[in-house]
Each structure stands twice: as structure tokens, then as C-alpha cells.
Amino acid sequence: WLNMPGEGQVVRQTAEFDRRTAVGGRAQLVWRPALGEVTVGWDGRADRADYTRQTTLARVAVSTDHGYDARYRAGGGFVRVRRLVGARLGLDLGARLDALHYDVQDRLAPAGAPNGGGWLWAGTAVGA
């Protein structure tokens with residue numbers, strides 16, 4: 001409840017409330033033909049957060065300084081091919097496509113307009 005002030009600042013009290021919820025999962029299918037192993041799959045995650053910071057006096061809220069609602073979603077698909085080359089050497093090839101999106105809404109802003117964005121990226125991997 002009590003903040004430690006910096007040089008020349010006033011001692012004040014605050015209360016913070018931070019609630020988060022998340023869910024995620026992964027699914028994959030593995031196929032083993034005669035030439036090696038093929039894996040195809042998907043994974044994803046979704047998060048939600050609610051954050052509030054209030055100025056307090058004697059542990060009673062007198063004003064709200066910050067209030068945010070946030071959402072985060074991410075998911076991706078992948079494929080992996082593994083094969084033995086000779087008796088002792090293995091080849092491992094993979095590719096992945098991921099997407100991410102987020103939204104943050106400032107509950108104290110005049111219009112409460114959401115602020116969000118996202119990304120899409122692809123990657124490959126080779127190993128032996």
C-alpha cells in the first residue's frame with residue numbers, strides 16, 4: 001500500500017489489482033512411412049489480463065490512476081520430417097508459420113480506443 005518516494009517526492013499509497021487468465025494447447029499427428037517420420041501439428045495460446053492501479057488514502061481507493069484490459073492470441077502450425085541417411089546419420093527438416101495478435105484497451109482514455117497489433121512470421125530448420 002505504501003510507495004517509497006524518490007528524492008523530493010511525496011509519500012503516497014496505491015493499490016494494484018492484476019487478474020490474468022490463459023489457456024493453450026498443442027496437437028500433432030505423427031506418420032511413420034518406410035522412409036522416416038513426418039510430424040504435422042498446431043499450437044496456440046490465448047491470454048487475457050485486467051490491471052487497475054488506484055491511489056488510496058487509509059487503504060480506501062480515492063482515484064484510479066491506470067486501468068487496462070489486454071488480450072493476446074498466438075498460434076502456429078508446423079511440419080517436421082526426420083529420416084535416417086545411412087546407418088548412423090539422421091536428417092531433420094522443419095518449417096513453421098506463426099501468428100500473434102494483441103489488443104490493449106485503456107479504460108481511462110476518453111474513447112477507450114483499443115491499441116493493438118500483430119505479426120506473422122515463418123521459419124525453417126535443418127539439422128543432422
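The values are calculated or read from the model by the stated rules, or taken from the named source; none is laboratory data. As the structure is a prediction and not an experimental result, all values here were calculated from the model. Heads up, the Cβs are rebuilt from the backbone with ideal geometry, glycines too, and the neighbour counts pull from every protein chain shown. In case anyone asks, the SASA skips ligands and DNA or RNA and just uses the protein heavy atoms, side chains included. Shrake-Rupley method; radii C 1.70, N 1.55, O 1.52, S 1.80 Å.
In the set (1) 1.39; (2) 1.00; (3) 1.74, which value of Cα Rg over 2.2 N^0.38 Å was calculated from the structure you see?
Recomputing Cα Rg over 2.2 N^0.38 Å here picks out (3).
Tell me the per residue accessible area of the chain using a 1.4 Å probe; a whole number in Å² is fine. Provide the component values of the computation, followed by the final result.
On the way: 9520 Å² over 128 residues.
Result: 74 Å² per residue.
Restricting to DSSP loop positions (anything but H, G, I, E, B) with no more than 14 other Cβ atoms inside 10 Å of their own Cβ, which trypsin sites (Lys or Arg not before Pro) remain in the range 1-97?
Details: sites: Arg12, Arg19, Arg20, Arg26, Arg45, Arg48, Arg53, Arg59, Arg71, Arg73, Arg80, Arg82, Arg83, Arg88, Arg96; in loops: Arg12, Arg59, Arg88.
Loop-located and lightly packed - Arg12, Arg59, Arg88.
Just to be sure I understand: with springs between alpha-carbon atoms less than 10 Å apart, which residue in Asp47, Asp106, Asp18 has the highest mean-square fluctuation in the Gaussian network model of the chain?
Residue with maximal mean-square fluctuation among Asp47, Asp106, Asp18: Asp18.
Can you give me the long-range amide H partners of Arg107? Hydrogens built in the peptide plane at 1.01 Å from N, cutoff under 5 Å, separation of 5 or more residues or another chain.
Long-range HN contacts for Arg107: Gly67, Tyr68, Asp69.
If Glu37, Glu7 are ordered by their accessible area, calculated over protein heavy atoms with a 1.4 Å probe, which sequence runs from highest to lowest?
Working: Glu37 40, Glu7 185 Å².
Final ranking, largest accessible area leading: Glu7, Glu37.
When the accessible area of the range 1-74 is computed with all protein chains present and a 1.4 Å probe, what percentage of it is carbon and sulfur? Let's see the in-between values first.
Working: 3140 of 5660 Å².
Whole-percent figure for carbon plus sulfur exposure: 55.
Just to be sure I understand the model, the point goes 7 Å from the Cα along the line to the Cβ. What's the resulting Arg19 to Thr124 distance in nm?
In this crude label model, Arg19 to Thr124 measures out at 4.7 nm.
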